[in-house]
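Novice: Shown below is the structure under consideration.
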Amino acid sequence: MKKWLLLCLAAAVLLVGWRPVPREPEGLALVRVLGVDGPGPLTLTAVCGGDDQRDPSRGWCVGADFEQALEVLPWSGEEELSLTSVSYLIVGRDVELKDVLLAVLRNEELGASATVWLAEEGAAALLGQCEDPASGLDLLTRQGAEAPTAVEALAKLEGGETLSLPLLAGEKPALIDWEEWRSAA
């Protein structure tokens, strides 16, 4: 009887410590790169992917402003898109950057740690020609290209400091220069 009691107690201890590994639901694609173009209507381009995806899912939508476009984005691709893993925010020269960054920081899914990059010909054009932009941007980061995070970029804009963004072009994408952001005053 004591052996059964000890065996049951050991099993209970093991079961209490067991927790299932959290996973994303099937059919949900994690957006790694989010592109933003235009002052209004605003265009969002989302690309999922990374090391584990060969053919990254994509989404594209238009809205009157960032918040409205963001509401439509999850259902704009072949799979439902999740914005909880956005690592890179690529902007075109025509965006109202301060407004976009404020909206990014207010959004519960998007994070303040996404880095901000500038696309030479616009975010949609750049992301349209890149097969897997997240891997390319991961490589640029490992090579030492340091883009500001969304919170750092907004702090510089709000503080009247110079904001330099890495300028991207090409299919990988490639870092071609650094450019000072010129905000419309």
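Read-outs throughout are calculated quantities, based only on the coordinates presented, and are distinct from any laboratory measurement. Quantities reported herein were computed from a predicted structural model and do not represent experimental measurements.
Novice: Diagonalise the Cα gyration tensor of region 96-185 and give the resulting equivalent ellipsoid semi-axes, square root of 5 times each eigenvalue, largest first, whole Å.
Specialist: Working: eigenvalues 94, 44, 33 Å².
After diagonalising the Cα gyration tensor, the semi-axes are 22, 15, 13 Å.
Novice: A follow-up question, please. Could you tell me how many cubic angstrom of Cα convex hull volume region 135-185 has per residue? Walk me through the numbers before you get to the answer.
Specialist: Working: hull volume 4.3 nm³, N = 51.
Enclosed volume per residue, from the Cα hull, is 85 Å³.
Novice: Using Cα centres only, tell me the gap between region 111-184 and region 57-74 in whole Å.
Specialist: First find each Cα centre; the distance between them is then 20 Å.
Novice: Normalised by the number of residues in region 59-125, what is the relative contact order in percent for Cα pairs under 8 Å and 6+ residues apart? Intermediate results must be reported in sequence, preceding the final value.
Specialist: Details: 73 pairs, mean separation 21.2, N = 67.
Dividing the mean separation by the residue count of region 59-125 yields 32 percent.
Novice: Related question: State log₁₀ I(q)/I(0) for region 27-185 at q = 0.18 Å⁻¹ as given by the Debye formula over alpha-carbon point scatterers of equal weight, solvent excluded.
Specialist: These q points yield log10 I(q)/I(0) values of -1.06.
Novice: For Leu163, which sequence-distant residues (separation of 5 or more, or a different chain) have an amide H within less than 5 Å of its own amide H, given hydrogens modelled in the peptide plane?
Specialist: Amide H neighbours of Leu163, under 5 Å, 5+ apart: Trp181.
Novice: Once you keep just the Cα pairs under 8 angstrom separated by 6 or more residues, what percentage relative contact order results for region 34-178? Write out the running numbers ahead of the final one.
Specialist: Numbers: 288 pairs, mean separation 33.5, N = 145.
Rounded, it is 23 percent for region 34-178.
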